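Working notes for the structure below.
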Amino acid sequence: MSPHSLHKAHGAPHRRSVALFGGTFDPIHSGHIAVAQAAQKRFHLDSIYFIPSSRPPHKTKLALTPFLHRYAMVALGCTDHAGFHPSTAEAPPEGAATHVFYTVDTVRRFHREHPEDRLFFILGADQFLEIPTWKNYEGLMDSCNFIIASRPGFRLDALRLVIPPEKLGRTASNDPNTIVLRKSVVHLLTTVSSHISSTEIRHRLESGQTIHGLVPARVEEYILEQALYR
């Protein structure tokens with residue numbers, strides 16, 4: 001198995017429920033952890049793989065912290081949580097500073113390596129609303145279930161607007177926070193909301209303010225030791 005595999009084979013006797021959580025994680029913060037914990041509890045997830053992006057297609061002009069630092073912070077953020085794992089699935093190829101990866105390709109790769117796993121993809125509500133701009137988003141909607149972390153006041157109907165009508169299932173769900181598609185399911189996660197953002201954390205560090213409590217303690221220690229975002 002390649003060093004960039006999403007995870008190691010465990011040979012589990014049951015069909016695992018697994019979530020992929022992608023993002024720049026620049027840096028990973030307490031809001032990310034809270035969303036993952038809420039998803040893990042609600043959907044009985046065996047594993048959640050945090051996948052730092054090398055270069056998100058929609059953020060090509062964003063100046064990102066080097067991948068190795070962001071991966072290290074993700075690894076530290078996962079340390080104290082059973083079932084949380086850092087992933088190098090979107091690490092840049094050797095010798096490349098960055099490389100564009102597409103979610104649909106990452107998901108398909110996971111399916112090839114672990115075809116028996118039940119797969120979820122975690123993302124924020126604002127990100128899902130932009131999904132029609134993603135590469136082969138219709139194929140992506142067929143390839144995994146979605147867990148959408150909502151913000152206060154967000155309505156499920158907003159998600160329906162970006163789903164092609166032909167993708168909708170023939171039967172409705174009894175769960176008011178679920179949209180049934182023909183080949184997958186979209187779940188709205190309403191049990192957690194966070195106003196923390198990586199942008200705010202970077203700004204606070206740039207201005208010399210504390211970030212205590214906004215990021216996991218190990219991540220805060222790493223940021224200060226490495227003098228990141230100064």
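Please treat every number below as a calculation from the coordinates, not as lab data. Quantities reported herein were computed from a predicted structural model and do not represent experimental measurements. Neighbour counts are summed over all protein chains in view; Cβ atoms, including those assigned to glycine, are modelled from backbone coordinates with ideal geometry.
Here the Gaussian network model covers the chain, with springs between Cα atoms less than 10 Å apart; of 192, 35, 162, 162 fluctuates the most.
How do 131, 48, 28 line up, fewest other C-beta atoms within 10 Å first?
Details: 131 17, 48 25, 28 28.
Ordered by Cβ neighbours within 10 Å, fewest first: 131, 48, 28.
What is the count of Lys pairs in the chain whose alpha carbons sit under 20 Å apart, if the two are 8 or more places apart or on different chains? Spell out each step's value before the answer.
Details: 59/135; 61/135; 135/167; 135/183; 167/183.
Pairs that pass both the separation and distance tests number 5.
The angle separating the long axis of helix 217-226 from the principal Cα axis of greatest extent in the chain is about 50 degrees.
How much of the pair distance distribution for segment 17-194 lies past 23 Å, counting alpha-carbon pairs only, in percent?
Working: 6208 of 15753 pairs.
Taking all Cα-Cα pairs of segment 17-194, the fraction more than 23 Å apart is 39 percent.
A helix-only calculation puts the chain at -9000 deg cm²/dmol for mean residue ellipticity at 222 nm, using -39500 (n - 2.57) for each DSSP H run of at least four residues, averaged over all residues.
Suppose R0 equals 41 Å; then what is the FRET efficiency for residue 155 and residue 226 from their Cβ-Cβ distance, rounded to the nearest 0.05?
Efficiency computed from Cβ-Cβ geometry: 0.50.
Cut-off is 10 Å between beta-carbons; in what order do 64, 168 appear when sorted fewest neighbours first? Intermediate results must be reported in sequence, preceding the final value.
On the way: 64 18, 168 15.
Starting with the residue having the fewest Cβ neighbours, the order is 168, 64.
Rank these for me by crowding, 14, 69, 29, going from fewest to most other beta carbons within 10 Å.
Details: 14 7, 69 19, 29 24.
Fewest to most other Cβ atoms nearby, the residues stand as 14, 69, 29.
Overall size of segment 121-230 from C-alpha positions, given as principal axis extents largest first: 54, 28, 21 Å. Extension gain for residue 174-residue 81 works out to 30.3 nm (0.36 nm per residue, less the C-alpha to C-alpha distance).
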